[in-house]
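Everything on this sheet refers to the single structure shown next.
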Amino acid sequence: MSGDALATPAPATAAEPPGPPLWLLAELTYRCPLHCVFCFNPVDFAQSGQELSTDDWLRVLRQGRELGAVQCGFSGGEPLLRDDLEELVAEAHRLGYYTNLLTSGVGLTPQRAGALRTAGLDHVQLSFQDSTRELNDFLSHTRTFELKERVARLIKDNGWPMVMNVVLHRMNIDHIDRIIEMASDLGAEFLELANSQYYSWAYVNRDQLMPSREQLQRAESRTQAWRERLGQRMTIFYVVPDYHEQRPKKCMNGWGNVFLTVTPDGLALPCHTARMLPGLEFPNLRESSLRHAWFESEAFARYRGTGWMKEPCSSCDERDKDLGGCRCQAYMLAGDARAADPVCAKSPQHAQVLQAIERAGRPAATEQPLVFRSPAESARLARPF
């Protein structure tokens with residue numbers, strides 16, 4: 001890491017005070033029955049503190065609505081492992097949130113589905129790892145494919161709109177036709193084809209997961225063909241991977257602009273991986289309020305706007321468009337959270353991205369064993385990303 005990684009820059013000075021957090025992501029637990037090789041939970045999740053209590057989460061939900069949040073996602077880990085999920089959904093519904101359950105499907109029985117529907121749950125995002133039982137179960141290190149199919153039907157039987165989510169990578173991207181066909185057959189209204197972004201466990205397995213440019217181009221072409229074929233029957237979102245682009249995305253629509261994540265142990269974060277960044281003390285909502293975290297904390301102010309930027313971002317005519325890209329990716333690849341996101345061709349560290357793409361294409365890289373998410377592996381790795 002460079003010396004800049006531990007430096008403490010002056011907080012950004014935004015031209016206008018931030019608006020409210022519109023989207024609240026409640027990460028209820030890091031516990032999960034699956035062991036996905038691309039999980040976005042922190043690699044060192046085994047070192048996290050005690051989960052927030054029911055009363056803690058109820059307070060967070062109320063404070064979020066008071067700030068102006070309108071959508072609440074319940075995620076994990078696997079949120080169905082929380083016995084109080086129905087109570088939290090009911091309170092979110094009472095407060096006026098649009099509620100979304102992000103789940104692997106494990107634990108969504110007919111009884112719990114009925115309870116969640118009564119509580120007011122608005123829709124469900126169900127994850128699959130692949131269109132085949134063999135690869136789905138291999139990537140999650142579980143036998144869950146048939147269970148997910150049953151849960152998909154249960155979601156439809158309860159009248160919920162369903163978002164099906166499939167993370168794409170080298171091992172399944174060539175199955176794109178079968179994945180889309182499966183989503184259509186199961187009645188998904190929305191399909192999110194999310195190319196793996198290389199944070200957390202996906203970063204650990206990056207060489208084995210990164211597809212070739214040719215695979216990505218073919219997948220985009222096939223996705224567009226299916227959009228034309230299906231018309232309005234299903235909306236398909238195709239999330240382009242960062243590494244194969246020449247310009248970065250505006251991460252989370254801008255640091256501390258729209259999204260607010262609350263971790264299982266109570267940290268308020270501007271994105272779900274921000275706790276890896278050095279020199280930032282994110283407020284813990286056991287002792288702090290959401291209002292303080294969003295409007296007053298130095299951690300949320302640090303990378304808002306453009307005042308924190310250094311070259312080449314500070315003079316770039318696209319700085320207001322992408323806001324320098326992702327701070328976590330800059331830290332992981334450049335060793336400096338203030339650096340330009342190295343996926344940008346203007347970044348002095350862009351060569352690292354090109355090298356990663358080239359290295360991932362070597363047969364020897366793909367033959368390395370995958371590291372499956374687990375508490376034991378988390379304790380062994382125990383590093384920031």
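Within the range 54-107, the proportion of Cα pairs with more than 18 Å between them is 27 percent.
Just checking the listed ones, 128, 138, 74: in the Gaussian network model of the chain with Cα springs under 10 Å, the one fluctuating most is 138. The calculated P(r) of the range 99-153, using every Cα pair and 10 Å bins from 0, goes 24, 51, 21, 4 in percent. A simple spin-label model places pseudo-atoms 7 Å from Cα toward Cβ; at residue 177 and residue 147 they are separated by 3.2 nm.
Within the listed set 122, 320, 265, the Gaussian network model of the chain (springs between alpha-carbon atoms below 10 Å) gives the highest mean-square fluctuation for 320. Start at zero, step by 5 Å, and the Cα-Cα distances of the range 39-165 spread as 2, 10, 19, 21, 19, 15, 9, 3, 1, 0 percent across the bins. In order along the range 80-95, the phi-based Karplus estimate (6.51 cos²θ - 1.76 cosθ + 1.60, θ = phi - 60°) of 3J(HN,Hα) comes to 5, 6, 7, 5, 9, 4, 4, 5, 5, 4, 4, 5, 4, 5, 4, 6 Hz; Gly and Pro are listed as x.
Relative to the Cα centre, the charge distribution of the range 7-140, modelled as +1 at Lys and Arg Cβ and -1 at Asp and Glu Cβ, gives a dipole magnitude of about 240 debye. Dividing the mean sequence gap of close Cα pairs (under 8 Å, 6+ apart) by how many residues the range 75-137 holds gives a relative contact order of 36 percent. Between 312, 369, 241, the residue with the greatest mean-square fluctuation in the GNM of the chain (Cα pairs under 10 Å linked by springs) is 369.
A simple spin-label model places the labels of residue 212 and residue 253 3.8 nm from each other, with each point 7 Å out along Cα-to-Cβ. Which percent of the accessible heavy-atom area of the chain goes to carbon and sulfur, probe 1.4 angstrom? Its accessible area is 50 percent carbon and sulfur atoms. For residue 27, the residues whose modelled amide H falls within less than 5 Å of its own, excluding neighbours fewer than 5 places apart on the same chain, are 75, 262. Convex hull of alpha carbon positions in the chain: directionally averaged projected area 18.2 nm². For the range 93-251, the spread of Cα positions along the three principal axes, ordered from largest to smallest, is 46, 34, 31 Å.
Loop only by DSSP, 13 or fewer other Cβ within 10 Å of the Cβ. Give me the GluC sites (Glu not before Pro) in the range 291-385 that pass, ordered by residue number. Listed in order of number, the matching sites are 318, 367.
Over the range 197-309, the alpha carbon radius of gyration divided by the compact-protein estimate 2.2 N^0.38 Å works out to 1.38.
On average over all directions, what projected area in square nanometres does the range 270-385 have, based on the convex hull of its Cα atoms? Walk me through the numbers before you get to the answer.
Numbers: hull surface 37.9 nm².
So the mean shadow area of the Cα hull is 9.5 nm².
If you keep only loop residues by DSSP, which trypsin sites (Lys or Arg not before Pro) in the range 280-312 have at most 16 other Cβ atoms within 10 Å of their Cβ? Answer by residue number: 286, 310. Within straight-line reach of residue 249, meaning a Cα separation under 20 Å, sit the following lysines at least 8 residues removed in sequence or on another chain: 310, 321, 346. The residues of the chain expose, per residue, 42 Å² of accessible area to a 1.4 Å probe.
The values are calculated or read from the model by the stated rules, or taken from the named source; none is laboratory data. Predicted, not measured: the structure shown is a model, and the values here were computed from it. We place every Cβ from the backbone using ideal geometry, glycine too, and count neighbours over all the protein chains shown. Note: areas computed on protein heavy atoms with side chains; ligands, DNA, RNA excluded. Shrake-Rupley method; radii C 1.70, N 1.55, O 1.52, S 1.80 Å.
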